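The next block holds one structure in the form of structure tokens; read it before the comments.
The values are calculated or read from the model by the stated rules, or taken from the named source; none is laboratory data. These numbers were taken from a predicted model, which means no experiment stands behind them. Virtual Cβ from ideal backbone geometry, glycine too; neighbours counted across all protein chains shown. Note: accessible area is taken over every heavy atom of the protein model, side chains too, but ligands, DNA and RNA are not part of it. Shrake-Rupley method; radii C 1.70, N 1.55, O 1.52, S 1.80 Å.
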Amino acid sequence: MSFHAGELPLLISIPHAGTRLTPVVEAGLTEAARPQSDTDWHIPRLYDFARQMGASIVIGNYSRLVVDLNRPEDDQPLYTSATTGLFPETLFDGRPCFVAGKTPSPQERQSYLLHIWHPYHQQLQSELARLKTKFGYALLLDAHSIASVIPRLFDGKLPDLNFGTNSDASCYPLLSKKLIECCEQQSTFSHVLNGRFKGGYITRAYGQPQNHQHAVQLELAQLNYMSETEPYSYQPERAAQLQPLLQQLVHTMLQWGEEHYPR
């Protein structure tokens with residue numbers, strides 16, 4: 001995990017950008033899983049403007065093939081439709097992650113929970129507490145991306161920007177309304193609120209508006225900033241079109257916070 005402490009009441013969480021593997025996981029992966037296609041590729045680079053603005057950022061370094069930082073510790077399903085768990089056994093497209101007989105042992109996985117999952121969440125909790133102490137409130141943007149077409153997970157092509165607020169339980173509805181209004185001011189990128197992706201564990205666990213802690217998940221369709229086929233390369237020209245909207249969304253969150261929590 002890497003962490004940068006900022007000077008704004010905003011924490012950006014990037015749990016799925018990591019590609020680091022443990023020796024046991026690496027030894028057991030199928031050929032289909034080795035490219036780590038389900039990684040949230042290049043998200044730290046895409047959001048680097050937010051770090052420069054002064055946002056706090058926490059980034060997971062390990063692959064979700066080791067342990068998924070956006071799933072609950074008890075591995076209870078977050079969606080009724082197809083999904084992957086705390087310790088993924090299949091890729092998003094349904095192919096197996098591990099060669100038969102080479103899945104990490106329960107003891108190995110407990111060590112991943114202890115040494116990878118818990119430190120990430122402890123950092124989230126610690127930073128959100130610091131921000132609330134300093135500003136009286138905290139904003140959390142959980143930043144994700146996914147291939148725009150995955151038939152096993154959703155029909156057709158995914159909208160470009162997919163906001164999740166756990167059906168407005170993770171933040172005040174006025175905040176999500178402001179974000180959607182921001183998207184409606186442009187016509188280049190499609191968007192949806194609480195569509196296929198309503199927010200994973202991080203959004204649901206740390207979105208506590210009653211405690212002045214507001215969380216929003218943003219799942220981006222990857223074709224807008226990168227190649228969706230190997231080697232999953234960053235596409236600067238595409239990213240340059242998307243980043244101004246992301247900057248406006250971050251600014252909108254911060255502006256909403258200032259207006260709702262005047263100092």
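List of remarks:
- Heavy-atom accessible surface of the chain: percent carbon and sulfur, 1.4 Å: 51
- Packing around the peptides 51-58, 96-103, taken as the average count of other Cβ atoms within 10 Å per residue, puts them in this order, highest first: 51-58, 96-103.
- By the Cα gyration tensor, region 1-123 has an equivalent ellipsoid whose semi-axes, rounded to whole angstrom, run 27, 15, 14 from largest to smallest.
- Average accessible surface for the chain: 43 Å² per residue, computed with a 1.4 Å probe over protein heavy atoms with every protein chain in place.
- Adding -39500 (n - 2.57) for every DSSP H run of four residues or longer, then dividing by how many residues the chain holds, sets the calculated 222 nm ellipticity at -9500 deg cm²/dmol.
- Taking every DSSP bridge with both residues inside the chain, close to 35 percent are antiparallel.
- Distance cut-off 14 Å, percentage of C-alpha pairs in region 217-260 lying past it: 58
- Label point 7 Å beyond Cα of residue 3 along Cβ direction - residues of region 54-72 with amide nitrogen under 11 Å: 57-59
- For region 95-199, diffusion coefficient by Stokes-Einstein and Kirkwood Rh (Cα), 10 °C, 1.306 mPa s, µm²/s: 92
- Efficiency of FRET between residue 230 and residue 99 - r from beta-carbon atoms, R0 30 angstrom, step 0.05: 0.90
- Qualifying lysines (Cα of each under 28 Å from Cα of residue 134; at least 8 residues distant if same chain): 177, 178
- Taking other residues whose beta carbon is less than 12 angstrom from the beta carbon of residue 238, and scoring Lys, Arg as +1 and Asp, Glu as -1, yields -3.
- Inverting the pair-averaged 1/r between distinct Cα atoms of the chain gives 18.7 Å as its Kirkwood hydrodynamic radius.
- Under-5 Å amide H pairs with residue 226, H placed in peptide plane, nonlocal only: 235
- Across all Cα pairs in region 112-151, the calculated P(r) in 10 Å bins from zero up to the longest distance comes to 24, 33, 28, 14, 2 percent per bin.
- Under 22 Å from the Cα of residue 157 - lysines, other chains or at least 8 residues apart: 198
- Highest mean first, the peptides 140-153, 165-178 sorted by other C-beta atoms within 10 Å per residue fall in the order 140-153, 165-178.
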